[in-house]
Amino acid sequence: MGYTELTVWTRGIIMDKEGRDIVNSVAAAGRIEGKQTQAMENYVDNPDRTNAPTRKYCRISDVEIEHLLTYENEQPNIVVLVEQTMVKGWDYMRGMPPGGTLVINTHYSPEYMLRFVPGPERLQQLVCVDAAKLADHKWLYYRLGELGLDRLSTEGAAERSKAVAPDIAAPLIAAVVKTTGIVKLETIEPMIANIAAFRAGLASLQVLQVQTAAARG
Amino acid sequence: MSTKGTHIPDWLKVPFAGITPAPTQERGQDLFPTGNWRAIRPVYHDKMPPCNNACGTNEKIQGYLDLVKRGKYLDAYALIKEDMPFPSITGRVCYHPCEQACNRGKYDEAISIRAVERFLGDLGLALPKDVVKAGVPNGKRVAVVGSGPAGHSAAYQLARLGYAVTILEKSPRAGGLNRGGIPDWVLPQDVLDKEIARLVELGITIKTGVEVGKDVTWDDLRKSYDACVLAVGLTEPNSVRAAGEDTPGVVYGLPFLRDIGMGTSKVKLGPRVAVIGGGNTAIDCAREALRQGASQVTMITIEANPQEMPCVPEDLHDMLEEGVELLHGLAMTAVLGGTKVEALELRPARFAGKVNASPIEIDRSAKPQRFVADNVIVAVGQHASLGWLPAEFKTERGTIKVDGFGRLGDTNVFAAGDVVQMGSGQPLMVVNAVGDGKRTAFNLDKVLRGEKLRPRTIAIDVITDLQRMNMTYFPHFPRVQQAMLAPVTRKLSQAEVALSLSEEQAVAEADRCFSCGTCNACDNCYLVCPEPCIVRADRSNGLYKILVDYCKGCRVCIEECPTGCLEGVPELDFDAGVVRMDTAFAITQGLHGRQAEELRKLPERAAKDIEGWR
């Protein structure tokens, strides 16, 4: 694996931190393993709007990254959708080279989700993990009452939590790492706050091998 | 600070990234189709209102109340006539299970649905011609045996489907139980006559004085008609098997009412009358006895208290108001006297098993009680008279054996009404017989058209939980009370006891309807949507549309829907309906692309503009 791009699609404010945790932890783990890595956020999408689509990027390379200052992943090998309905809304497959991986947080099966994927022939595998259930996700779980009192808003609520992947990011990281081997499991595991959800994600993810499925029928 | 009068250079007038044109502006939604922000999609999904579900013939009650509310009485009448051939009759006699089921009953008071139905029924009867037309004739002949509620309903629906229907009625006048079982002061005969005239208007032939088994045989029926509906009802009164029950002066409930209804009654009641039985017929007999000249009427029931009596509570209340006395926990074991009734012998009794069902346990060891009476009316239920029917189609209870669709084996003969429903747990009421007649007619039509009969498999979502509606939209409001004649005067005459609603009252009552689970075009969703993404062609159920490209799934319309017909469906349950949005990131595509083009030219244009300004 010479050079890999990971793009995470998430929703503004309510799941912003989940996306950031995924790219940051993967990039940090890559760096520990001695690779050249990069993680950054996208400001084109204006991520400060609730539910708006936002993207987070991560690059891992064995050699020095050439286009270090380009702020968008143009050829993502791995795409993660932090919220399941995003599968319908955008062309997140744009630029993906053949043999890619799509990871979705959903309770639906990969066979069901495949119908929504634009250009599924580029996928090697479609991975579904019910991260919200595994992490016992509660919407707006960031001390809402307290925030309501001192800021009169939930905006940026996640920023207060210093823990990495305390919630639905943990099973998603597990799914990404286990199915793609982008970094080693043992490198990334110590960084994860919600280790139970991380392990549950490893155990319960569902993988559909798209290319073999296509070849079969 | 106002920008009015400020010079805005051309290049600032195009929408550029960061300034999003309103979605209603031309191509605005292309630029920013926020539909893909949505995880839940609002969907208009009408549910089954509880009234509609509880009604024996599933009248679209919410629908006609809504039309009455808007003053569209004729439409409302036409809607009611889809399921109910004679709203003016059920508007008077129905035991209104709809009102018991009404969700408003849990909130303040149930809606007076029956009174509104009567208002519509009377309006329909006042029309010079009925709104319902017979179907295009299909050349098939169907006989309906019996002109009671079930037969009337079956004949009506079959005529609407295009069949040539002949009703065979045993009595000299058509109407069956509507005429012979319901007293005049509940249902005036002229109302019934007008409803029967409406049947004749539909092209139905009514042959009175024709008895199946005597004038027409079973084989005749099957040979002369393509199909046949047996709606013969329960005509024979049950006896209580008491000693001396054949004494002159003992009469049976249904024949007593029937003879009065048909105008052939010869019964002269003495001043003291005892009525045996605790059901609706017994109540009607007791009240009729007062009108026939009795001064002291006592009802003797086996049930231990009024709550256990198998009757409509409000009829019981009206009866008690008229001064009928109740004796509970007693059975008549003998009629004393020889040539005429002098007294009754009563003994304590109770139901050995289920309440209101055989067997009855009479305490023979107890000292009999003597009850002085001049006449006894025995009203303890009816059974069918089916001597002419082949034994294979009879059940051991003495009813007609039918399959789940009202069909007798593989024949083209169907049966409907009390003669089928007795013992099924369904109360033997007019509206249930009407519903049975309707369904049987539709099943018969399917069989004659060669279609397969299939049981209903779609689950009905009845909305009974007030939490599923938004109750903040409904103020408490009292029920409009139907006026009634005073007990002292009404018990001496055949005048109708309950009076009809005025137009204002009917509209006020219909206005109280929650329209449970069904869109009534209140326009609330249209008004509360924070984005203009609910559109409507007209204010009408079914004409509201949601622009799925733009709806963000904020749920405001769902939460604010008063009736609960809007519901949130997970977006992924839909395979289609959302455009993929490419503009959020593709700054070289779509409208953003055009903006980018403008922005590239910006330096030179800006410079020119500045020069010009100088």
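Annotations for the structure displayed:
- For B:VAL136, the conditions (1) in the same structural domain as B:MET332 (by TED's automatic domain parsing); (2) at pLDDT 90 or above; (3) surrounded by fewer than 16 Cβ atoms within 10 Å (Cβ to Cβ) all hold with the exception of (1).
- In segment B:385-411, of all residues being within 19 Å of B:ARG241 (Cβ to Cβ) and touching a strand residue (DSSP E or B) at 6+ places or on another chain (Cβ under 8 Å), the one that is surrounded by the fewest Cβ atoms within 10 Å (Cβ to Cβ) corresponds to B:GLY398.
- Residue match in segment B:48-60 (condition: among the β-branched types (Val, Ile, Thr), at pLDDT 95 or above and within 12 Å of the chain's Cα centre (by Cα)): no
- Among residues that are surrounded by fewer than 18 Cβ atoms within 10 Å (Cβ to Cβ), touching a residue at least 24 places away in the same chain (Cβ under 8 Å) and among the polar types (S, T, N, Q), B:SER153 is not included.
- Matching entry among A:GLU72, A:GLU64 (being surrounded by fewer than 13 Cβ atoms within 10 Å (Cβ to Cβ) and over 24 Å from B:VAL548 (Cβ atoms)): A:GLU64
- Any hit, segment B:451-465, residues being outside the structural domain of B:PRO183 (by TED's automatic domain parsing), among the basic types (Lys, Arg) and closer than 24 Å to B:ARG114 by Cα: no
- Of the residues contained in segment B:139-146, none is found to be at pLDDT below 95 and in a helix (DSSP H, G or I).
- Only residues that are charged (D, E, K, R) and in the same structural domain as B:ILE558 (by TED's automatic domain parsing) were counted across segment B:505-527, and they come to 1.
- Scan of segment B:194-223 for residues that are among the small types (Gly, Ala, Ser) and either closer than 22 Å to B:LEU257 by Cα or crowded, with 18+ Cβ neighbours inside 10 Å (or both), ordered by number: B:GLY209
- The condition (being under 30 Å from B:GLU361 (Cα atoms) and surrounded by 18 or more Cβ atoms within 10 Å (Cβ to Cβ)) is satisfied by just one residue among B:VAL250, B:VAL191: B:VAL250.
- Pairs meeting the criteria (first residue in segment B:437-456 and at negative phi, second residue of a type in the set (Asp, Glu) and not in a helix (DSSP H, G or I), beta carbons under 8 Å, at least 6 apart or on different chains) are B:LYS438/B:ASP83; B:LEU448/B:ASP226.
- Counted as qualifying within segment A:14-109 are the strands (runs of 3 or more DSSP E) with 2 or more residues that are of a type outside the set (A, V, I, L, M) and more than 14 Å from chain B (Cβ to nearest Cβ), namely A:36-41, A:53-61, A:100-105.
- Test: residue in segment B:315-323 that is modelled with pLDDT under 90, outside any helix (DSSP H, G or I) and over 23 Å from B:ASP259 (Cβ atoms): no
- In segment B:430-455, the residue that is nearest to B:PRO137 (Cα to Cα) out of those that are of a type in the set (Asp, Glu) and in a helix (DSSP H, G or I) is B:ASP445.
- Candidates B:VAL462, B:VAL507 - the one that is under 30 Å from B:LEU158 (Cα atoms), at pLDDT 90 or above and of a type outside the set (Gly, Ala, Ser): B:VAL462
- Condition check for A:THR101: surrounded by 13 or more Cβ atoms within 10 Å (Cβ to Cβ), closer than 21 Å to A:ASP21 by Cα and without any contact (Cβ under 8 Å) to a residue 24 or more places away in the chain: no
- Residue among B:SER265, B:SER224, B:SER239 that alone is within 30 Å of B:GLY162 (Cα to Cα), small (Gly, Ala, Ser) and out of contact with any Leu (no Cβ under 8 Å at 6 or more places or on another chain): B:SER224
The values are calculated or read from the model by the stated rules, or taken from the named source; none is laboratory data. If you're wondering where the values come from, they're calculated on a predicted model, not measured in any experiment. Cβ sites come from the backbone with ideal geometry, for glycine too, and all protein chains shown count toward neighbours.
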